[in-house]
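Please read the structure below before turning to the comments.
The values are calculated or read from the model by the stated rules, or taken from the named source; none is laboratory data. Because the structure is a prediction, the values reported are computed rather than measured. We place every Cβ from the backbone using ideal geometry, glycine too, and count neighbours over all the protein chains shown.
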Amino acid sequence: MKNDYPSRLFPFINQDGSVDWICEYPDLPGCTGIGSTPQEALSDGEEAKIAWLEVYFEDHQKYPGTTDIYSKDYNGKILLRVSRTMHRDLVLCAESEGISLNSLCSQFLSAELGKKQG
C-alpha cells in the first residue's frame, strides 16, 4: 500500500471552548482523524487513511496520486492586490508604527495564521 501522503495537523476550537485536534490528508478527500490530543488525532488519521486507501483501491485498482504542495520550493514572495483605500490605510498604519509596509503586512498575516493554527 502506498503510504507517502502528507497530512496536516491542527486544533479545532469547539463552540463550548474545548479543543479537538484534526489530522487531515489533503490528497484523500474526506479522510480525517480526530482526537482530544495531537497524538490521538494522528493515530485516528492513520487508521482512517488505511481504510480510505483500501476502499479507493478496491474501486479503482490503483492508489491516488499525491500533490507536491509541501515539497515545493517557496521563495517568500506573493503578489497581493488590494483596494486603493486599503493600500493607503496600510501605508499610514505602517508609517505610524515606524515599519515598512512589507513588515506590517507580514505581521498581520502571521498574527491571523497563528490564530488559525492555534
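Within region 61-81, residues that are closer than 14 Å to residue 28 by Cβ and modelled with pLDDT under 90 reach partners that are part of a loop (DSSP other than H, G, I, E, B) and of a type in the set (Phe, Trp, Tyr) with beta carbons closer than 8 Å, at six or more positions or on different chains, in the pairs 66/5. Of 109, 92, 104, 80, all but one fail to be farther than 17 Å from residue 6 by Cα, touching a Cys at 6+ places or on another chain (Cβ under 8 Å) and in a helix (DSSP H, G or I); the exception is 104. Evaluation of residue 66 against the conditions (1) under 17 Å from the mean Cα position of the chain (by Cα); (2) hydroxyl-bearing (Ser, Thr, Tyr); (3) in a helix (DSSP H, G or I) shows that the sole unmet condition is (3).
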